[in-house]
Amino acid sequence: MRTLIIGCGYTGEALGKRLFSIGHEVSGILRNKENNARLIELGITPLNLDITKTSEIQQIPNNYDNIIISVSSSRGGLDAYKNVFGKGMINISNWLQTQSIKSVVFISSTSVYRETDGEWVNEEINNPPSNSTSKILLRAEQLVTNIDYPVTILRSSGIYGPRRGYLFNQYMKGIAKIDGNGERFINMVHRNDLVEAIIASLQNPGGIYNITDDEPVTQFEFFKWLSSTTGRPMPPNAPPIDPSTRKRGITNKRVSNKLFKDKFEFNYVYSTFRDGLTEELNKITESFPH
């Protein structure tokens, strides 16, 4: 089985390593050569090119069974989204139209759901986002689903795991703040569970699914658990974030993972943030002063 990962960053690299371990011949696209040696060690053949450049897309070999799109704006704002998820995804979708592939998986985001009142959302929700970056991402989903073979859209919540987790890292550095009263829900998924969900989706391609752990948590309860677990103080409260100043907008929702779990009989190893962060705390607590 020949699999191409377009976007071999934090998630793509772990995915490639896992696919290689189960017998896939894996190639990974990344712009820069600086990580090539590490990819090769993991069993991934690096392809260095820029998906936003049409001429470079044509350099991709034409003999893959699976294409997994795991591109990222690298925490960029609107311009980065326009470049990667706009221009880049147009180039990818045009290239895909010329291929003969068993399945395509696109890693999207639960940010396409615009809800702000803490309500539950599932894949049947059709309430177009109001934030500019989320609109671009939704258009990217639509672009890639217009090709002529099975496409799976996996809408991932906030990814955390080894060396990754924005709020967790802020807290451990002592610079976290609680937004307002901390009642806004956050949704998370461990990178390893996302990787396993991607692999599971290859067995029955097609459809849109949320990939997120079993327990959305309010920001306050998230920090309360960290405080009680580590013995560190709660972060201070800060005024609520102004959505107009945040490059990716503000949502407040609880994302359901039921559809994917039921269809694929999928169980999360890290079913809540506590499971994953307990593992991280066991690794790194000694690195931080008490």
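The values are calculated or read from the model by the stated rules, or taken from the named source; none is laboratory data. On a predicted model such as this, the values are computed, not experimentally measured, just so you know. Counting neighbours? That spans all protein chains shown, and the Cβs are built from the backbone with ideal geometry, glycine included. The area values use the complete protein model at the heavy-atom level, side chains included, leaving out ligands, DNA and RNA. Shrake-Rupley method; radii C 1.70, N 1.55, O 1.52, S 1.80 Å.
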Given (1) at pLDDT 95 or above; (2) in contact with a helix residue (DSSP H, G or I) (Cβ under 9 Å, 6 or more places away or on another chain), index of the condition F220 fails: (2)
Just to be sure I understand, how many residues within the stretch 20-58 are within 17 Å of G88 (Cβ to Cβ) and acidic (D, E)? 2
For the structure I just gave you, tell me whether L143 is touching a helix residue (DSSP H, G or I) at 6+ places or on another chain (Cβ under 7 Å), closer than 26 Å to F264 by Cα and modelled with pLDDT under 95. yes
Given the conditions (1) over 26 Å from R18 (Cα atoms); (2) in contact (Cβ under 8 Å) with a residue 60 or more places away in the chain, and given that I159 satisfies all but one, which numbered condition is not satisfied? (1)
Residue that is nearest to the chain's Cα centre (by Cα), among those in the stretch 99-127 that are closer than 22 Å to M188 by Cα and open to solvent by 70 Å² or more (accessible area, probe 1.4 Å): R114
What's the number of the only condition in (1) surrounded by 21 or more Cβ atoms within 10 Å (Cβ to Cβ); (2) of a type outside the set (G, A, S); (3) in contact with a Phe, Trp or Tyr (Cβ under 7 Å, 6 or more places away or on another chain); (4) outside any helix (DSSP H, G or I) that D214 fails to meet? (1)
The stretch 12-37, residues that are open to solvent by less than 50 Å² (accessible area, probe 1.4 Å), of a type outside the set (S, T, N, Q) and not in a loop (DSSP other than H, G, I, E, B): G12, E13, A14, L15, G16, L19, V26, G28, I29, L30
Could you list all residues from the stretch 26-58 that are more than 27 Å from V189 (Cβ to Cβ), in contact (Cβ under 8 Å) with a residue 12 or more places away in the chain and among the charged types (D, E, K, R)? K33, D50, K53
Of the residues in the stretch 237-276 that are exposed (fewer than 13 other Cβ atoms within 10 Å of the Cβ) and at pLDDT 95 or above, the one that is nearest to R191 (Cα to Cα) is V269
Quickly run through the stretch 74-89 and pick out the residues that are on the phi < 0 side of the Ramachandran plot and open to solvent by 80 Å² or more (accessible area, probe 1.4 Å). D79, K82, K87
Out of the residues in the stretch 1-11 that are surrounded by fewer than 22 Cβ atoms within 10 Å (Cβ to Cβ) and not charged (D, E, K, R), which is nearest to Y160 (Cα to Cα)? Y10
Counting only residues that are farther than 16 Å from T110 by Cβ, touching a Ser or Thr at 6+ places or on another chain (Cβ under 8 Å) and either in contact (Cβ under 8 Å) with a residue 60 or more places away in the chain or assigned to a helix (DSSP H, G or I) (or both), how many does the stretch 173-200 have? 2
Would you please name the residue that is modelled with the lowest pLDDT, looking only at residues in the stretch 146-166 that are surrounded by fewer than 21 Cβ atoms within 10 Å (Cβ to Cβ) and more than 21 Å from F260 (Cα to Cα)? D148
In the stretch 60-73, the residues that are part of a loop (DSSP other than H, G, I, E, B), open to solvent by less than 60 Å² (accessible area, probe 1.4 Å) and either more than 16 Å from L138 (Cβ to Cβ) or of a type in the set (S, T, Y) (or both): I60, P61, Y64, D65, S70, S73
